[in-house]
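The block underneath contains the structure these notes are about, expressed in structure tokens.
The values are calculated or read from the model by the stated rules, or taken from the named source; none is laboratory data. Fair warning: this is a prediction, and the values are worked out from it, not measured in the lab. Glycine gets a Cβ as well: all are built from the backbone with ideal geometry, and neighbour counts include every protein chain shown. Accessible surface is based on the protein model in full, side chains and every heavy atom, while ligands, DNA and RNA are left aside. Shrake-Rupley method; radii C 1.70, N 1.55, O 1.52, S 1.80 Å.
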Amino acid sequence: MDQSHSDIAIIGAGMAGLACAIRLTSAGRDVRVFDKGRGPGGRMAARRAQVAGETVGFDHGAQYFTARDAGFRAAVERWVEAGAVARWAAAEKSQEDATWVGVPGMNGPIREMAKTMREAGREVAWGTCIDTLSREGKGWRLQAGDLTHSAKTVLVAVPAEQAFGLLVGQEDALALQVLDDDAGGNV
């Protein structure tokens, strides 16, 4: 049985989960990220299929995204430089209202975010479906097959229908805490 521990465990390595992981890791926190998918994607997944004997790729989730927040626009510019996103020419708009697509598929920025985690010495545990989340003392126990992971804090960054299965029955132990380093370093 594989056992591990971190201060913070994040379930879900889509854009929200990885953005949180990057921010917490850069603040010096010990973070471990788990995702059931074989690789980067989440709601920006790209898939491959056989059509008439040829392998074709297609976007399975979001078709495009916009970036109106200044911080998010800065991240998009980094992804442009890395070749992970490009402006969507089919929807010409002003720079502020530009639409963006991942390159070569919509999972481009997610792959780039996972790379940022690798460069920080933190691998995402791909193909790891957390089946059970339970309270253990003052922390949490995550179970995925033979893997057991313990963490002081767990962030669930998956769609509601997936989160429900993990969180039902845990209502008394759950609390919402806003992580805001501008409000006293509580990251």
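The table that follows gives values for the structure above.
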| item | result |
| --- | --- |
| Accessible-area ranking of V51, V158, largest first, probe 1.4 Å | V51, V158 |
| Compactness index (Cα Rg / 2.2 N^0.38 Å), the range 2-68 | 1.45 |
| Shape call, the range 90-153: gyration tensor on alpha carbons, a/c limit 1.5 | prolate |
| Rounded percent of accessible protein surface that carbon and sulfur make up, the chain, 1.4 Å probe | 49 percent |
| Surface accessible to a 1.4 Å probe, D30 within the full protein complex, Å² | 50 Å² |
| Largest to smallest accessible area among R32, R135 [probe 1.4 Å] | R135, R32 |
| Extended-chain gain in nm, criterion 0.36 nm per residue less alpha-carbon gap, E119 and A70 | 15.2 nm |
| Bridge type composition, the chain - antiparallel percent by DSSP, nearest 5 | 60 percent |
| Cβ-based charge dipole, the chain, positive-most Cα from A160, T66, F34 | F34 |
| Longest exposed-site-free window of the chain, the sites being GluC sites (Glu not before Pro) in a DSSP loop that have at most 11 other C-beta atoms within 10 Å | 1-91 |
| 5 angstrom amide H check on L155, placed H, neighbours 5+ away | A9, I10, I11 |
| Residue with peak Gaussian network fluctuation, the chain [Cα springs, cutoff 10 Å], from K115, K152, K138 | K138 |
| FRET E, pair D146, Q170, Förster distance 25 Å, beta-carbon r, rounded to 0.05 | 0.65 |
| Shape category assigned to the range 8-136 from the gyration tensor of Cα positions, a/c cut at 1.5 | oblate |
| Computed label-point distance, nm, for sites T55 and S134 using a 7 Å Cα→Cβ extension | 4.0 nm |
| Listed residues A84, A98, A52, most fluctuating in the chain (Gaussian network, C-alpha, under 10 Å) | A52 |
| Chain lengthening between Q3 and A62 when straightened (0.36 nm per residue, less Cα-Cα) | 17.8 nm |
| Point-charge dipole on Cβ atoms (K/R +1, D/E -1) for the chain, about Cα centre, debye to 20 | 280 debye |
| Estimated FRET transfer efficiency (D30, E77; beta-carbon r; R0 45 Å; 0.05) | 0.95 |
